[in-house]
Amino acid sequence: MEKIKMKNQFFKCSKCGSIVYAVVGTTNGLTCCGVPMKKMNPNSTDAANEKHVPHIEGNKISVGSVIHPMTPEHHISFIAINNKDSMYFKFLNPNEAPVINYNLKGDEIVYEYCNLHGLWKK
């Protein structure tokens, strides 16, 4: 049996801000609030890389080599870890440090979503 390949694509609604993570299948025609959802391209926003690109040190993942602010107006909503077989999400609240510990194997893709500057990955 052929192994299913994960897509690892994120989409955002331009009206309500909802985010969808696409695992498998087609994403053609993906809509929300009556409009097509837009594919999110990681690391495509003009913002400070040192505060947005996930920083990995051993099993510790922090958002940015300089820790990202976590205020109600500007914060990291989630950190996501893809290890090719699964996806782990850690949802964060404002005023909570954007740092998690995870048993990393070394081949993971780490994403984070900033409410102002979009999706980032390492």
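Checking each residue in the stretch 102-113 for being over 11 Å from Asn43 (Cα atoms), out of contact with any Asp or Glu (no Cβ under 9 Å at 6 or more places or on another chain) and of a type outside the set (Lys, Arg) picks out Asn103, Leu104, Gly106, Asp107, Glu108, Ile109, Val110.
Please determine whether any residue of the stretch 12-21 is of a type in the set (Ser, Thr, Tyr), assigned to a strand (DSSP E or B) and out of contact with any strand residue (DSSP E or B) (no Cβ under 9 Å at 6 or more places or on another chain).
Looking through the stretch 12-21, none of the residues is of a type in the set (Ser, Thr, Tyr), assigned to a strand (DSSP E or B) and out of contact with any strand residue (DSSP E or B) (no Cβ under 9 Å at 6 or more places or on another chain).
Looking only at the stretch 108-121, decide whether some residue is farther than 23 Å from Lys38 by Cβ and more than 11 Å from the chain's Cα centre (by Cα). Yes, the stretch 108-121 contains at least one residue that is farther than 23 Å from Lys38 by Cβ and more than 11 Å from the chain's Cα centre (by Cα). Within the stretch 59-77, residues that are among the charged types (D, E, K, R) sit with their Cβ atoms under 8 Å from residues that are outside any loop (DSSP other than H, G, I, E, B), at 6+ positions apart or across chains, in these pairs: Lys60/Val99; Lys60/Ile100; Lys60/Asn101. Would you call Pro42 closer than 13 Å to Asn8 by Cα, in contact (Cβ under 8 Å) with a residue 40 or more places away in the chain and surrounded by 14 or more Cβ atoms within 10 Å (Cβ to Cβ)? Criteria met by Pro42. Residues in the stretch 1-59 that are closer than 23 Å to Leu104 by Cβ, modelled with pLDDT of 85 or more and in contact with a Lys or Arg (Cβ under 8 Å, 6 or more places away or on another chain): Gln9, Phe10, Pro42, Asn43, Val53, Pro54, His55, Ile56.
Here's the yes/no breakdown for (1) under 21 Å from His117 (Cα atoms); (2) among the aliphatic types (A, V, I, L, M); (3) not assigned by TED's automatic domain parsing to the domain that holds Asn115:
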{"residue": "Ser18", "(1), (2), (3)": "yes, no, yes"}
{"residue": "Thr31", "(1), (2), (3)": "no, no, yes"}
{"residue": "Pro72", "(1), (2), (3)": "yes, no, no"}
{"residue": "Phe78", "(1), (2), (3)": "yes, no, no"}
{"residue": "Lys84", "(1), (2), (3)": "no, no, no"}
{"residue": "Met87", "(1), (2), (3)": "no, yes, no"}
{"residue": "Asn93", "(1), (2), (3)": "yes, no, no"}
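Of all residues in the stretch 59-82, which are in contact with a strand residue (DSSP E or B) (Cβ under 8 Å, 6 or more places away or on another chain), surrounded by 12 or more Cβ atoms within 10 Å (Cβ to Cβ) and either more than 24 Å from Ser18 (Cα to Cα) or of a type in the set (Gly, Ala, Ser) (or both)?
Once the filter is applied, which keeps residues that are in contact with a strand residue (DSSP E or B) (Cβ under 8 Å, 6 or more places away or on another chain), surrounded by 12 or more Cβ atoms within 10 Å (Cβ to Cβ) and either more than 24 Å from Ser18 (Cα to Cα) or of a type in the set (Gly, Ala, Ser) (or both), the stretch 59-82 yields Lys60, Ile61, Ser62, Gly64, Ser65, Ile67, Ser77, Ala80.
The values are calculated or read from the model by the stated rules, or taken from the named source; none is laboratory data. None of the values given here were measured: they were computed from a predicted structure. We place every Cβ from the backbone using ideal geometry, glycine too, and count neighbours over all the protein chains shown.
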